[in-house]
Amino acid sequence: GIAIPKLFMDMELSDWTTTIDTNLNGVFYCCYFFKELLSSAGSSDIINISSRSGKNPAKELSAYCSSKFGLNGLTEVLQIELATHGIRVSSISPGRCATKLGNEQYQDWHISPKIIAESVLSIINSNRSVFWGNLDIRPFK
């Protein structure tokens, strides 16, 4: 995903559309164009990477937070609609990650991308009789 940190009053329309197109529409398109393939597999997973900012609004992140709130809503609807097609839909909502999102400087306590990848594997490898819903991952410190 992307974040373009700006106060709402300073935001350009392109900041909004770029963020929504990437973080929400991009996920929708992936789900939409792969739905038949995933359904024909008989058993598959969609794991959306959301953010804690999709539940907790933050200053200077109106577009980012809105995109992640929307992604959480899309994920929850797909959980209901795609279950009958053998597709489990889950999301992971990490807290601060050690990435270049929003040009933030890395901190020792940020969550490593490796932890997110391990979480994805845990969901994929879990018993098929359950789905995870949303997995919150927070820094321990």
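Which of the numbered conditions does residue 38 fail, given that it passes all the others? Conditions: (1) under 27 Å from residue 140 (Cβ atoms); (2) touching a Cys at 6+ places or on another chain (Cβ under 9 Å); (3) open to solvent by 20 Å² or more (accessible area, probe 1.4 Å); (4) of a type outside the set (Val, Ile, Thr). For residue 38, the exception is condition (1). Candidates in the range 41-56 are the residues that are closer than 25 Å to residue 137 by Cα and hydrophobic (A, V, I, L, M, F, W, C); of these, the one that is surrounded by the most Cβ atoms within 10 Å (Cβ to Cβ) is 46. Among the residues of the range 64-84, those that are more than 12 Å from residue 46 (Cα to Cα) and exposed (fewer than 15 other Cβ atoms within 10 Å of the Cβ) comprise 73, 77, 80, 81, 84.
The values are calculated or read from the model by the stated rules, or taken from the named source; none is laboratory data. Predicted, not measured: the structure shown is a model, and the values here were computed from it. Here the Cβ is made from the backbone with ideal geometry for all residues, glycine too, and neighbour counts use every protein chain on show. Remember, those area values only see protein heavy atoms, side chains included, never the ligands or the DNA or RNA. Shrake-Rupley method; radii C 1.70, N 1.55, O 1.52, S 1.80 Å.
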